[in-house]
Every structure is written in structure tokens, then in C-alpha cells.
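Following: one structure in C-alpha cells, then a few remarks.
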Amino acid sequence: RFLPHPPSAMGFLEEATPMSWDESVKHHEALKANGIEQFLTILHANASRHDDEMLWGDEQEYALVEVGPGPDDVRLLLRADAALQELRTRSEGYKAENATSCALWSPEMGNHMVEGVTKPPYKSSLDELASVEESLAFRRKELLEVAASLGTERNWQGLVWTFANFPLLGTADGQAPAEPPFPKRSDGLGSRSRFVPDEVITPHPRFQAFVANIRHRKGAKTCALLPLAADASGSFAPKAAEVPSQSPWDLEDSENPVEDKIYLDAAAFGAGSCCTQATCLCPNLSDARYLYDQLLVLAPLFLPLTASAPFWRGMVAATDTRMEAFRETWDDRTPSEVDQRCPRCSRAATSPQVFLADTGPLLGREADYNDVPATVHQPSLDRLVASGVDQLLATHVAQLFVRDPLNVFRERLEVDNAMVGDHWEQLQSSNWGTVRFKPPPAQSSNPGGKIGWRVELRTPEAQATDFENAAVIAIARVLAQQILEERWDVYQ
């Protein structure tokens, strides 16, 4: 079990006991039905909501590393859980009304990762842009002071890293403290990776269940095969024959089963990477739908602009972002689903399949862009349409619900759909697209109804300095305002 700080600081992280995959399957359809009812409650309560001020904020992911006395002594530091306990204690003394001297802290998938979130959100004035770098510098300073004392050995010191991924993750001495990887693990838990020890996974039950249940649903370990970059002579490696993506990936007899590819066999390689996210509060539901559609075009451009992940398992890849590793190592589709492209793609690091705008230049043109049929959960679509949800929004939600819940918590099977949004958030938050359309939280998680309709940009990779990360966040914020004020149409 895990005792989190309040849900507002953690996102969808609850204290509860996860069921095993086999035990949870029989509850999936009921949870989806409840999730739809929770979404409908939120939608009907907030359909006419209007917020005058465009509040906004960022989520910056950090990695902990430790360095030793030797010139080559560097590895991931797997003590984020200990760092978070200390950060929560320190946060009790923060100045809660100033984002440059306050933050929310939460865990991420890897136990080397800490997420720092803007608190309070920035106000709508563009003058607030000048505070972003200072806010990030405060968060880095806080985390660095905590990490410094968490080294695993004498003369080893913890530091903070903000590139997308750590180049030595999955190498023999690339992480500590940890036991050796356990590829033959037979109790149904963990990743069964031959490279990454299970201590890399954050001990929160949500992440532990994610890692195991992706394997169980898929019927095999996850796998990414990244192309190797040019060799020392400057010649690029010949392209190896593609391995059918529907093949089982329990390739435990070889560290590099496909020539000229970097083999990654654990979810930690993808979701263990760090990114920078920006979220904007929109005036109303229609504006959120409009901004979402426009950012779908711009979000991929942030990826090459911020690319910072060319190294994997100590090797140089011919790709330089985290996205391919994330997409492939979090693809829980079965062989038949992959073969039929139903769903069409992984649930991670992909653009959503449905455009949403109900105003502006896309209105009436959605059919031209929604030209690839979206796989939907038909019972969810039927219920949404019957409840008066328009076809575009209903299809968007129903294509999220075609996925199965990767976490089913025993204590949360029966909840008050009028008050909480557990099951809606469970499926919404485990579809990791390039942009996320975010309805207000359920009533129990939104005291005073302060949080409205939001849109989150999710593609940027973490940069080395606070200045660079602040620049990315500021650009995203200015773009969001310009899109809404000037009604940009980036599809022309």
C-alpha cells in the first residue's frame, strides 16, 4: 500500500490494493460503464461553465542520478520514494501563494523520477512568463538539496538530471540500489526484464500493476527495437529485417536478438523517461475542444525541437527522442489486435484519433480529417449518444474506452459516480497521447469547483537547464493564447 498526499497533488494516485490481472478482467466492463457515468456527470455539471482567467501551469519531470569519486562513476539513483517523503515535509513550509517558492511533488513510473508541478497556477497575464524559470529553479534547488544526501555509498552524491532519458539505464551498473534483473520471475509481478531490475519501478501500486498487467494483457513482454546509429567510420548500419510486431517478445536467450537494433524489453525504458508538460485552462468547453484540435498539429513539432534521448542501454540510436521506446514498451495490444490494427496503435505516445472542435474553421470539415475509422467501445458510444453527447465528443471518449483498465483497485470497485471520477480518470489518464483534453475533475477532487476545462501539451522532452525548459513552457503558453484569441487554423 501507499499513503499519498492529497489527490490534488498527486493526480490519479489512490491508496488501494490492486487486483491481479486475471482477477480484474471480470470487472472491466462494469468499470467502463461506471467511467462513462462519471464522465457524463462531469460534463453535465460543467457544460456551460465559463472561466474568465486563463490559468496555466507546467509539470516538470526530474531524474535522480548519483556520481562517485571516479570519472566514470555515474548511475541512476533509485530513491525517489525517499526524496518525495522529504519533499513533502519541506513543502509544509512553502509560501503557498507564490509559484516561485512553492511546488507540488508527485511520483512517476520510475523510482528515479520526481515530478514537480506549478503551485499555485500562473495567472493569465503574460507577465507571468517571467516567473517560469524562477519557479523551475526553485524546484531544482529543493530536489537537489534532498537528493544530495541520498547516495547509496560513501563518497557518492545524489544529483538532478533533466534530459529525457538516462543513457545507462539497463546496463549492468547503471542503477542503484538494486538487485540483478530477474527475467525468470514467475510470481506474475514485475517486468521480467533481462536488463532492468524491478527496483526501477516506483513502489506505488499503480505503477507496479501497470508494469505487470501490460505483460499479462499482451501475453508477452513488451519490446522496442530501436535502430542503431552510424558506426565509428560514419557508415550507417544496414537495416535489419523487421520482426513481426505480433510475435511474442520473451527473447530471454539474447541481449540483442535482432541485428543492428537496440533491444528494450521493459516498460521502464519508455515511461522512465522525463518530459516537460504544459496545461492551460480554457474559458469554456468549446474553446478547449478548439485548442485541442489545433495543438494536435503543433505537438509533434515540439518533439524534434526538444529531442534529448539518443542513448539507450549505453548505445547510440538512430532516433533521438523517447517516443518510439515509449510507444512500443507500453503497447499492450494482443497479437490479433496488432494484426488487425484494432486498436490502430499503442495506447502510448500516439496522437488521438478523433478531432473535437464544435466551433471555428474545422466545423463541418471534421470528416475530412477523421478519415481513419476510430476503434471505439460501442457500449460507451451508445450510452454517450443516448445521453445527448454530440457524435465527435462521444467518439473521442469511446475510443479511449476501447482500452482495458490496467489497474483495478479492490477498494474502489463501488464508488459514488456523482461524486468521484476514479474509473473515468483511470482510462483517461492511461491513454498517453501527444495532447490531452482534460475535463474538470469530479466533485470530490475539485473543491470549490476551481478547476475547469483544460488542454495539456505532452510531447516536449526535458531539457538540460531551467532556462530551456522555461522557454518550452512559455512558447506553449503563448501559442495557446494566440490560437484561442486569433482563432488560428493550422490545418490550412
Hey, can you tell me all the residues within segment 88-115 that are touching a residue at least 24 places away in the same chain (Cβ under 8 Å), open to solvent by 30 Å² or more (accessible area, probe 1.4 Å) and charged (D, E, K, R)?
-> 88, 90, 108
Could you tell me whether segment 188-202 includes any residue that is at pLDDT 90 or above and touching a His at 6+ places or on another chain (Cβ under 8 Å)?
-> yes
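Is it true that residue 437 is part of a loop (DSSP other than H, G, I, E, B) and among the aromatic types (Phe, Trp, Tyr)? Can you show your working first?
On the way: part of a loop (DSSP other than H, G, I, E, B): no; among the aromatic types (Phe, Trp, Tyr): yes.
The answer is no for residue 437.
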Of the numbered conditions (1) part of a helix (DSSP H, G or I); (2) open to solvent by less than 30 Å² (accessible area, probe 1.4 Å), residue 164 fails exactly one; give the number of that condition.
-> (1)
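Considering only residues that are of a type in the set (D, E, K, R), touching a residue at least 60 places away in the same chain (Cβ under 8 Å) and either in contact with a His (Cβ under 9 Å, 6 or more places away or on another chain) or surrounded by fewer than 21 Cβ atoms within 10 Å (Cβ to Cβ) (or both), which ones fall in segment 129-149?
Taking segment 129-149 and keeping what is of a type in the set (D, E, K, R), we get 133-134, 139-142, 145.
Retained after the next criterion (residues that are touching a residue at least 60 places away in the same chain (Cβ under 8 Å)): 133, 139-140.
Passing the criteria: 133, 140.
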Some residue of segment 277-299 being within 16 Å of the chain's Cα centre (by Cα) and among the aromatic types (Phe, Trp, Tyr) | no
Taking segment 23-65 as the search range and keeping residues that are in contact (Cβ under 8 Å) with a residue 24 or more places away in the chain and of a type in the set (Lys, Arg), which one is surrounded by the most Cβ atoms within 10 Å (Cβ to Cβ)?
-> 32
Within segment 442-480, track down each residue that is in a loop (DSSP other than H, G, I, E, B) and closer than 16 Å to residue 121 by Cα.
-> 446, 450, 451, 452, 453
Residues located in segment 442-463, provided they are surrounded by 21 or more Cβ atoms within 10 Å (Cβ to Cβ), closer than 15 Å to residue 285 by Cβ and not aliphatic (A, V, I, L, M) | 452, 453, 454
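The values are calculated or read from the model by the stated rules, or taken from the named source; none is laboratory data. These numbers come from a predicted model, not from an experiment. Virtual Cβ from ideal backbone geometry, glycine too; neighbours counted across all protein chains shown. These area figures cover heavy atoms from the full protein model, side chains too; ligands, DNA and RNA do not enter into them. Shrake-Rupley method; radii C 1.70, N 1.55, O 1.52, S 1.80 Å.
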